[in-house]
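Everything on this sheet refers to the single structure shown next.
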Amino acid sequence: MKNNVYLDFHVIQTVPPSCVNRDDTGSPKTAIYGGVTRARVSSQAWKRAIRLMFKDEFPNENLGVRTKKIVDLIAQRIRKINSDIVEKDAVGLAQKVLEAAGIKTKDNKGKIETGALFFISESQMTELARLAAFETENFDKKKCSEAVKENPAIDIALFGRMVADDPSLNYDAAAQVAHAISTHAVHNEYDYFTAVDDCAPEDNAGAGHLGTVEYNSSTLYRYATVNITELAKNLGSDTAIAVKGFADAFIRSMPTGKQNTFANRTLPDAVYVTIRKDQPINMAGAFEKPVPTTKEGFVDKSIEKLNDYAKKMYADFFSEPEIEWAIGSKIGKVEETVSLNTLLEGLEKEIRDVVATAEVEA
Amino acid sequence: MSTLLIHLAAPIQSWGIDSKFDTRRTAREPSKSGVVGLLSAAMGIKRNEDEKIATLASLRFGVRVDKEGTLMRDFHTARDTRKKQVVSYVTNRYYLMDAVFVVGLEGSDKKLLEQMEKALNAPAFPLYLGRRSCPPVGKLSLGIYDCPLEEALKAVPIQAEGQHDIRMVVDTDTDEIGSIVKDMPVSFNPENRQYTFRQIREEIINFNCRPTEHDPMEELG
């Protein structure tokens, strides 16, 4: 509890007429909140959009280490997981699990090393250490080699993994993404369309196809939080880069539902990011009373409501955040808004410091 | 006896007690296992620490439904990428929308309740109401009351507007008459989750709140 570090993301983002996320009947997803129907984009839809963006965020070369000394590194991690294992046994286990994974090791003047430089990421090492710490004899060759082949490092640590057949492979997600809901009431609308058959005979006025597409437009409140303490346990020195990538992807991504029909790839109207040492704070309560329909639209009023609610929460219930950034509008105690790049760089630096301090204390 | 009261509200929340795999249902109010899990997360208790979880589960549990939720079916597809052929499958997951609950945990060890309250204000893991995508809104702890469960649940004001006939569901002793629900956690160990039955009693209390006025011009702004 003393080491809590939570990173909260609050985003106000408008989408024009679109159907970003639909259910099995083709209708845009909705939810009732504060007694009225809101537009909704499911948590899972936006998490997938973020995950797809990770392929661009994280070129493999940037992460992990290139070394022959993997045996020692894995042995260290085995002992961190299970401190009952002595160093000599941990080294033996590390050697066995690497061999099961298909990586040969040899004795180099008393030190067990790999024959050549091997590129391995922090979480691949943690995964092998986990497999080794709980088995003592029978290492499943397939599992071990998968641990090294896959590089799901960042997205598994952030979004978690559940494997029903083998719960030992489960990871708890460090990131939590709420369903995005509109700050105001929404009514789904219908676009009745026809598709013309180019080769229809002259005397046929009928259309080739008739249909309807359901859509809505909305100003969404989007919320996510990352448990930095937990993430750092799994990603170690890769944490800062992972967080920067998550932040960029969360802010800039858009699920692809009906993208070609509506071209709705917008960017947020306002972003508010905080680092807190106590708990995450979801500010959906700012919109429990929906923003009313006026001639002024919904964006400005939504940002104002978010700002007022944040200040109220800080005054009534919680303390101010340790650090705050805002893009687009001043929210909370932010004195100057920044650009996305400045936010990302500042965030990376702060997280790097936080993780380094935690490692020193550990 | 003292009771810790917790405010559970969010745009959507879900409290599963009897479904897995493709159809994930929700009960109409928070489950004991769900709330014990939430407190365990707040206190940093891991899933295999059965004894610590048993201590929380031994507290007497009650729920006051300040605002009934509306049922939502979320059409949620997922992909299994483990085999060569990627398989896409459909799940239907149910949630309660726009619901507000006050939950009470009664025990004789006030120090434990104080630890729980502290943990809610600075949780070791991020908290959620049944599913990860449902973070809570507002402050969770409503305080510790030095009285038994039913008294405490009746003492705190209704956390939602315009409600007056309030439903309450509380743990009862086995010699009383009541219905049973299988949400008493025995183990959260992912290799072998176990739940057993607890006995409950449901009642309706009239809180005598004046219903709010309906303003037909409100939506016109």
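General observations
- Any hit, region A:87-106, residues being in contact with a strand residue (DSSP E or B) (Cβ under 8 Å, 6 or more places away or on another chain), open to solvent by 90 Å² or more (accessible area, probe 1.4 Å) and either assigned to a helix (DSSP H, G or I) or closer than 30 Å to B:T77 by Cα (or both): yes
- Positions within region A:172-192 being closer than 25 Å to A:T212 by Cα and assigned to a loop (DSSP other than H, G, I, E, B), in sequence order: A:H184, A:A185, A:V186, A:H187, A:N188
- So A:M283, is it under 27 Å from the mean Cα position of the chain (by Cα), free of Cβ contacts under 8 Å to residues at least 40 places away in the same chain, facing chain B (nearest Cβ under 9 Å) and closer than 28 Å to A:T229 by Cα: no
- Criterion: at pLDDT 95 or above, within 14 Å of another protein chain (Cβ to nearest Cβ) and open to solvent by 20 Å² or more (accessible area, probe 1.4 Å) - qualifying residue of A:K277, A:K289, A:K295: A:K289
- Test set (1) away from every other protein chain (no Cβ under 13 Å); (2) open to solvent by 90 Å² or more (accessible area, probe 1.4 Å); (3) not small (G, A, S) - A:I323 fails condition number: (2)
- All of (1) over 14 Å from the mean Cα position of the chain (by Cα); (2) modelled with pLDDT under 95; (3) surrounded by 13 or more Cβ atoms within 10 Å (Cβ to Cβ) hold for B:M116 with one exception: (2).
- A:K233 being surrounded by fewer than 19 Cβ atoms within 10 Å (Cβ to Cβ) and over 12 Å from the mean Cα position of the chain (by Cα): yes
- Checklist (1) open to solvent by 50 Å² or more (accessible area, probe 1.4 Å); (2) without any contact (Cβ under 8 Å) to a residue 60 or more places away in the chain applied to B:T172, failing item: (1)
- Region B:120-147 - residue that is surrounded by fewer than 24 Cβ atoms within 10 Å (Cβ to Cβ) and not in a loop (DSSP other than H, G, I, E, B) and, of those, farthest from the other protein chains (Cβ to nearest Cβ): B:Y145
- Residue within region A:234-256 that is at pLDDT 90 or above, within 30 Å of B:A122 (Cα to Cα) and aromatic (F, W, Y) present: yes
Table: residues versus (1) among the hydroxyl-bearing types (S, T, Y); (2) open to solvent by 50 Å² or more (accessible area, probe 1.4 Å); (3) under 28 Å from A:Q279 (Cβ atoms).
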{"site": "A:V5", "(1), (2), (3)": "no, no, yes"}
{"site": "A:P17", "(1), (2), (3)": "no, yes, no"}
{"site": "A:V20", "(1), (2), (3)": "no, no, no"}
{"site": "A:D24", "(1), (2), (3)": "no, yes, no"}
{"site": "A:S42", "(1), (2), (3)": "yes, no, yes"}
{"site": "A:R48", "(1), (2), (3)": "no, yes, yes"}
{"site": "A:D56", "(1), (2), (3)": "no, yes, no"}
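- Among the residues making up region A:139-168, those that are at pLDDT 75 or above and under 15 Å from A:A232 (Cα atoms) are A:I154, A:D155, A:I156, A:A157, A:L158, A:F159, A:G160.
- Residue in region B:82-100 that is within 19 Å of B:V181 (Cα to Cα), exposed (fewer than 15 other Cβ atoms within 10 Å of the Cβ) and of a type in the set (G, A, S) present: no
- Unique residue being within 12 Å of another protein chain (Cβ to nearest Cβ), under 25 Å from A:N264 (Cα atoms) and open to solvent by 20 Å² or more (accessible area, probe 1.4 Å) when the list is A:H179, A:H209, A:H187: A:H187
- Matching residues in region A:28-61 - criterion: being free of Cβ contacts under 8 Å to residues at least 12 places away in the same chain, farther than 23 Å from A:Y215 by Cβ and either part of a helix (DSSP H, G or I) or in contact with a Ser or Thr (Cβ under 9 Å, 6 or more places away or on another chain) (or both): A:K55, A:D56, A:E61
- For region A:190-206, the tally of residues that are within 30 Å of A:Q13 (Cα to Cα) and either of a type in the set (D, E, K, R) or surrounded by 10 or more Cβ atoms within 10 Å (Cβ to Cβ) (or both) stands at 3.
- Among (1) within 13 Å of another protein chain (Cβ to nearest Cβ); (2) of a type outside the set (A, V, I, L, M); (3) assigned to a helix (DSSP H, G or I); (4) open to solvent by 50 Å² or more (accessible area, probe 1.4 Å), the one test that A:Q76 misses: (1)
- Candidates B:R73, B:R47, B:R24, filtered to the one that is in contact with a Lys or Arg (Cβ under 6 Å, 6 or more places away or on another chain) and not β-branched (V, I, T): B:R24
- Of all residues making up region B:56-81, the number that are among the small types (G, A, S) and open to solvent by 30 Å² or more (accessible area, probe 1.4 Å): 1
The values are calculated or read from the model by the stated rules, or taken from the named source; none is laboratory data. Since we're looking at a predicted model, the values are computed, not measured. Here the Cβ is made from the backbone with ideal geometry for all residues, glycine too, and neighbour counts use every protein chain on show. Keep in mind that these areas ignore ligands, DNA and RNA; they rest on the heavy atoms of the full protein, side chains included. Shrake-Rupley method; radii C 1.70, N 1.55, O 1.52, S 1.80 Å.
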